[in-house]
Amino acid sequence: MSGLQGRVALVTGASQGIGRACALALAAEGATVALAARNEAKLSEVQAEIEAAGGKAAAFALDVADEASIKAGAKAILDQLGTVEILVNNAGITRDKLVMQMKREDWEAVLATNLTGAFLLTQALLRPMLKNRWGRIINISSVVGRTGQAGQVNYAATKAGLIGVTRSLAREVAARGITVNAVAPGYIETPMTAVLNEAQTAAMMTTIPLGRAGTDADIAHAVVYLASEGAGYVTGHVLDVNGGMFMGG
Ligand code: NDP
């Protein structure tokens, strides 16, 4: 146990992949987990899975690319659960194209979901966290935000941007007992990476010293650690969980 009994957590993008795994893991540690994403049917399945394992969860339809939806969703979550003490900004999309082919809408869509969404949701939930004088904000960045990746200028900008947000906000809220950290996953097998073809996957594999793709559970373990009481002296940190793909320190 990580001492999360009685804590309230919110995970965005909890309907599948890494977000789902983080929600299951936080609930297994005793947190009540608010599950947010657009697909309500999938959220209900995750909620049922958590409850079947004896955990507590509630589902909230929320589109992080839509400011009105964020405001309404944050209000609904606070009304129902009272507070959010652990916020995992995980929702993310890709729209990969080489720069010369990238349309402004590809740029804007990825920024709105991955970066502006995390900013607006954090802002909407920060006041009660500041009042509580305890909080954990965990932003899901990417190895791509550290190294760059051809075909992903939009995505890499958001993932590097989240690292800047993490370190700046960590300084703003440290005095109130709130830590802000990022997790930077490497190549993780989820629906997001299932679109890569065999050649792309094989090429990726040659860059991973540990010789395997990561799992959503690998990321969930890191998130549970950063949410834990024991991580209370860690802030402004970027935790690489990438099998050694990038060893940047
Ligand atoms: P998936 O595509 O499997 O899941 C993405 C999740 O984000 C879904 O639950 C989706 O739910 C949600 N989402 C997307 N857009 C929105 C939106 N506008 N509003 C609310 N929720 C939204 O991706 P992964 O699980 O692989 O990725 C999760 C995070 O981890 C992302 O931020 C990704 O960038 C990052 N990451 C992933 C890596 C990997 O190798 N898989 C590597 C590095 C980082 P719904 O469609 O129901 O709204």
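The values are calculated or read from the model by the stated rules, or taken from the named source; none is laboratory data. None of these values were measured; they are calculated from a predicted model. With ideal geometry, Cβ positions are generated from the backbone for all residues, glycine too; neighbour counts draw on all protein chains shown. What goes into the accessible areas is simple: the full protein's heavy atoms, side chains included, and nothing from ligands, DNA or RNA. Shrake-Rupley method; radii C 1.70, N 1.55, O 1.52, S 1.80 Å.
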Problem set entry | Options 92, 30, 145: the member that is closer than 24 Å to residue 218 by Cα, assigned to a loop (DSSP other than H, G, I, E, B), without any contact (Cβ under 8 Å) to a residue 40 or more places away in the chain and of a type outside the set (A, V, I, L, M, F, W, C) | 30
Seminar exercise, completed: In segment 240-249, residues that are in contact (Cβ under 8 Å) with a residue 12 or more places away in the chain and away from the ligand (no atom under 12 Å from the Cβ) total 2
For this session: Report the residue count in segment 158-198 for those that are more than 10 Å from the ligand (Cβ to nearest atom), open to solvent by 50 Å² or more (accessible area, probe 1.4 Å) and under 20 Å from residue 147 (Cβ atoms).
Result: 2
Exercise. What number goes with the only condition from (1) surrounded by fewer than 24 Cβ atoms within 10 Å (Cβ to Cβ); (2) over 24 Å from residue 156 (Cβ atoms) that residue 122 does not pass?
Worked result: (2)
For this session: Just name the residue that is surrounded by the fewest Cβ atoms within 10 Å (Cβ to Cβ) out of those in segment 210-224 that are within 11 Å of the ligand (Cβ to nearest atom) and β-branched (Val, Ile, Thr).
Result: 215
For this session: Could you tell me whether any residue of segment 45-62 is modelled with pLDDT under 95, away from the ligand (no atom under 15 Å from the Cβ) and surrounded by fewer than 24 Cβ atoms within 10 Å (Cβ to Cβ)?
Result: no
Exercise. When segment 175-194 is examined, which residues are found to be at negative phi and more than 20 Å from the chain's Cα centre (by Cα)?
Worked result: 175, 176
